[in-house]
Amino acid sequence: MNLIRDLALPPDVASEIEQITATLSADTSCIATGSIVEGFGNANSDIDLYLIDPKRVARQSTSIGLRQSRYVDCEYLTVSYLETLADRMNGHTWTSLPDLTSRDFSRYYRLSIGKPVVVYESVAKLSESFQRSMACLAYSRWALLMAFKHLARASCCLATGLSRQADLLEREAQLWYATSVLAAEGEGYPSLKWVGEKAARRFGRDSPQYRELVDGWLRPAAGITARLAQLRSQVQLPTELMTMLQPRSCHLADRVRHVAGSDTDYLIRAGQSVAQTRGVVSVVSRRLAAGDSWAQATATVAEELSVPVGEVRVGAWMYMVPLRSAGFLSVGVAEGA
Amino acid sequence: MTVLVTTDRLADWLRQARRLNGLHLDAMTQSYDLDGALSAGQPELAWRARQRILVLSAELFLQERGLRFDELPDLAEHMSAVLEALETVHSEHAAEVWEMVLRPAPIDATELAADIQATIDYCRDVLGVATVGSRAATIRAWADSVRLLREAAKDLGVAQSDHWYLRDEALAAEHLDWYDEVMAIVTVESQENSRTESGGAGDAQQ
């Protein structure tokens, strides 16, 4: 067990952690982490703790406690979950990245910087499996993918007349791009809200690099079309990832009809349900209903909208998730695009 | 004023109440973020909290009018969905909120703080979200919604953990339940706010 006062935490935080660890069951490990441990935290930042149970099933998922000026946020994890998480993250490739979630990155990074307060053998053995350098590398790659996904949807929205939505998505894409760049520079704390502090710590608040990474999403100067073009030149996914994203395919499910409208189109599942569609979902659905394959439909729409075909494929695919979940679309086999 | 009585099936109500509770939790955590960021000179964190507060206030405005929807996993998509729904209910407010969401953040710290305060005033005075701008009020709203949610869930036989709240062991001797413990924090926060405000008013008079 560490002496909590040796962990270089603010006194009120150390005292709170001491209280909580005093009530832990005999075999539960406790790791302090979060923005305070990372060094960004302020007087109102929450105290983040991971409580790790050696059993296969955690007693509960989270708990919260309010204190004066802060709150305490505890997450309960199991050793078996940590083993799986470490294996997935340490063995990640560009093509396995889309299977990892925001929560996976958050937990892996936070564990890699965590300060052990009470650690039993089963958790101590795992500590070397969580490396900050790996967390930064994986998060940098994943954040680039997230930037592309937002860019793709922004392009689709702009091309179909949804300019405000496009503007919002483009800023979020900028934020993800800045996150990717900073993670590659070793600033991998996995939370979008701390991008400013990360850029300031890495480059200094008065530096041109800081301005470049922050202004794009905080105070964009150019119009949305110019910004999209600029971002497109920066967010370059590696070929192996694009090759994996492109051949995904879906088509209208059996007994689903498409009805075109002026602003809104409809998909009707005979005798079951109706879906309203707009924007890129409508135009791709029209092509699918006309008998095009996914590859043909998205290529035609990309040409009509003057949007790169990779962006139409990724953007439309994401917007069509609810249609696939509700049975309006069926996933097909990969086609040659 | 009329006396309004509404009735809902408990299961339907519970689903909606969960989302409302999520919004109150979000309002509370954003309030911590905003206060901390402004005190520590962290402008990007403060602006992000402002954006979140603005959109969750728009969603609370819609909730008050019976429009409810689930949270989308992508923040930008969720914000768009809320503002599109607002467009159907009150196009003038929707246009105002869109403009505020897409407005560039001021570089100057004083201007940034003033914009954030103006946004909070808008949420409170125009969108009618009374809790915005007061951490004590957001804590109280969250605690009330948790208490109600847990009571309703108990009635439906939904299993609940008793360990969801981390008690302050320093207060254990006072035998408060979790709700009383939270309300004690609210009281202290409110008193501190009053002291700050009266001190501020005194300064202004001087």
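Within a straight-line Cα-Cα reach of under 28 Å, A:K125 can be paired with the following lysines, leaving aside sequence neighbours fewer than 8 residues apart in one chain: A:K55, A:K115.
Basic side chains Lys and Arg get +1 at the Cβ, acidic Asp and Glu get -1 at the Cβ, and with that the dipole of the protein assembly as shown about its Cα centre reaches some 1460 debye.
Ordering B:S190, B:L54, B:L20 by Cα displacement along the dipole of chain B toward the positive end leaves B:L20 in first place; charges were set at the Cβ atoms of Lys, Arg (+1) and Asp, Glu (-1). The value of relative contact order for chain B, using C-alpha pairs under 8 Å at least six residues apart, is 25 percent. Taking each DSSP H run with n ≥ 4 as -39500 (n - 2.57) and averaging over every residue of chain B yields -24500 deg cm²/dmol at 222 nm. In the full protein context, the range B:63-168 carries 51 Å² of accessible surface per residue, based on a 1.4 Å probe and ignoring ligands, DNA and RNA.
Report the local net charge at A:S140: Lys and Arg +1, Asp and Glu -1, summed over other residues whose C-beta lies under 14 Å from its C-beta. That sum, taken over residues with Cβ under 14 Å, equals +2.
Compute the acute angle (0 to 90°) between the alpha-carbon long axis of helix A:79-90 and the principal axis of greatest extent of the alpha-carbon atoms of chain A; round to the nearest 10°. The helix A:79-90 is inclined about 60 degrees to chain A. Prolate is the label for the range A:132-273, because the ratio a/c of its alpha-carbon gyration tensor axes (a ≥ b ≥ c) is 1.5 or higher and a/b is greater than b/c.
One quarter of the convex hull surface built on the alpha carbon atoms of the range A:118-173 amounts to 5.5 nm², the projected area averaged over directions. Between the listed residues A:V283, A:A326, A:A299, the Cα displaced farthest toward the positive end of the dipole of the range A:267-337, a dipole computed from Cβ unit charges relative to the Cα centre, is found at A:A326.
Sorted from greatest to least, the principal axis extents spanned by the alpha carbons of the range A:203-247 come out as 43, 26, 13 Å.
Per residue, the solvent-accessible area of the range A:113-216 (1.4 Å probe, heavy atoms of protein chains only, all protein chains present) comes to 35 Å². Taking a ≥ b ≥ c as the square roots of the eigenvalues of the alpha carbon gyration tensor, chain B is oblate, as a/c is not under 1.5 and a/b does not beat b/c. Chain B contacts chain A over a buried accessible area of about 3900 Å², both sides summed; the probe is 1.4 Å and only protein chains count.
Listed by chain and number, the lysines placed with their C-alpha closer than 21 angstrom to that of A:K193 are A:K149; residues fewer than eight positions away on the same chain are left out.
Over the range A:205-306, what percent of the accessible surface lies on carbon and sulfur atoms, probe 1.4 Å? Of all accessible area on the range A:205-306, carbon and sulfur atoms account for 47 percent. If a/c stays under 1.5 just call it rounded; otherwise compare a/b with b/c (prolate if a/b is bigger, oblate if not). Do that for the range B:80-182, with a ≥ b ≥ c from the square roots of the Cα gyration tensor eigenvalues. The shape class here is oblate. Helical content of chain A, expressed as a calculated mean residue ellipticity at 222 nm, amounts to -15500 deg cm²/dmol (DSSP H runs of 4 or more residues, -39,500 (n - 2.57) each, divided by residue number, nearest 500).
Structural descriptor for the range A:4-136: relative contact order 26 percent, calculated from alpha carbon pairs under 8 angstrom and at least 6 residues apart. For chain A, relative contact order (Cα pairs under 8 Å, six or more residues apart, normalised by length) works out to 14 percent. Looking at the protein assembly as shown, the DSSP beta bridges with both ends there are about 75 percent antiparallel. Note on the protein assembly as shown: Rg/Rh from Cα positions, Kirkwood definition for Rh, rounded to two decimals, is 0.97. Using a Gaussian network model of chain B with C-alpha springs under 10 Å, which one of B:L45, B:L83, B:L23 is most mobile by mean-square fluctuation? Fluctuation is largest for B:L45.
The values are calculated or read from the model by the stated rules, or taken from the named source; none is laboratory data. Since this is a predicted model, take the numbers as computed values, not measurements. Ideal geometry is used to build each Cβ from the backbone, glycine not excepted, and the neighbour counts take in all protein chains shown. The protein model used for the area step is the full one, side chains on, heavy atoms only, and it has no ligands, DNA or RNA in it. Shrake-Rupley method; radii C 1.70, N 1.55, O 1.52, S 1.80 Å.
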